[in-house]
């Protein structure tokens, strides 16, 4: 069978990892020429005739397509969503990811958590926000070549992860805040300090939401904060 084109592979992987909606993928698939030769008659017929409104069917199709196109990938990049989370530790996915993904450029300054990385296997660029205080996660965003080149050549960074509030808000969506045995841990105090330096008028309910706690806890943390303080993890 002929190999799929790079565009076809991009579309396949976007569906497999959930970056394209099922009906969107179905429309593309039905309009693309030559896919029976690429995937074989059985899988092509399955992808052509299945009900993309059925969640169970979609999960089955994603797995079948993944099995067909994943031929011993040397990196994790294809399987990761365009905006994804990689836990620190746990199942070892962070080790597998960073086995091929190298840190290229640190943003520095106020955005001490942010850097540009590139996979040395597939050359995919990633924007990485390293959050070690509240969520213990790497939040990543897939970048195209133009976005990466803008950082490398001109120092023009995407708008994502430019504030610590944005980083923690991403954590709220993709992960779960850590549970602290010490309710007044330095990581909590420093985070409140940084959020208030970014947005002095930020209210306790919003801070509590970002830290995964309650307003009474935030009020106690506020008493430990120092004005105009910012520090790393």
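Just want the ordering: 20, 183, 121, 6, from fewest to most Cβ atoms lying within 10 Å of their own Cβ.
Fewest-to-most Cβ neighbours within 10 Å comes out as 6, 183, 121, 20.
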request  = Give the shape of segment 6-69 as rounded, prolate or oblate, defined through the alpha-carbon gyration tensor: a ≥ b ≥ c are the square roots of its eigenvalues, a/c under 1.5 means rounded, and otherwise the shape is prolate if a/b is larger than b/c and oblate if not.
outcome  = rounded
query = In degrees, nearest 10, range 0 to 90: what is the angle between the Cα axis of helix 6-17 and the longest Cα principal axis of the chain?
reply = 60 degrees
task = Set the Förster distance to 22 Å, then compute FRET efficiency between residue 82 and residue 57 from the Cβ-Cβ distance, nearest 0.05.
result = 0.40
message = Cut-off 20 Å, label point 7 angstrom out along Cα-to-Cβ of residue 156: give me the residues of segment 69-110 whose amide nitrogen falls inside.
response = 105-108
note = Nearest 10, in degrees from 0 to 90: the angle of helix 55-69 to the longest Cα principal axis of the chain is 70 degrees
task = Go ahead and estimate [θ] at 222 nm for the chain from helices alone: -39,500 (n - 2.57) per DSSP H run with n ≥ 4, summed, over the residue count, rounded to 500.
result = -12500 deg cm²/dmol
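Just order 158-166, 141-149, 124-132 by mean Cβ neighbour count inside 10 Å, highest at the front, would you?
Values: 158-166: 16.8, 141-149: 14.8, 124-132: 21.2.
My ranking of the peptides, most packed first, is 124-132, 158-166, 141-149.
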key: Order of 194, 19 - criterion: other Cβ atoms within 10 Å of each residue's Cβ, fewest first   = 19, 194
ask   = With axes computed from alpha carbons, what is the tilt in degrees of helix 22-31 against the longest principal axis of the chain, rounded to the nearest 10 within 0 to 90?
value = 30 degrees
inquiry  = Only counting other Cβ atoms within 10 Å, I'd like 122, 77 sorted with the fewest neighbours first.
reply    = 122, 77
inquiry  = Looking at the chain as a GNM with Cα springs under 10 Å, which of 203, 72, 186 has the largest mean-square fluctuation?
reply    = 72
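Here, each number is a calculation from the coordinates, and none is a lab measurement. Bear in mind the structure is a predicted one, so any value in this text is a computation, not a measurement. Note: ideal-geometry Cβ built from the backbone for every residue, glycine included; neighbour counts use all protein chains shown.
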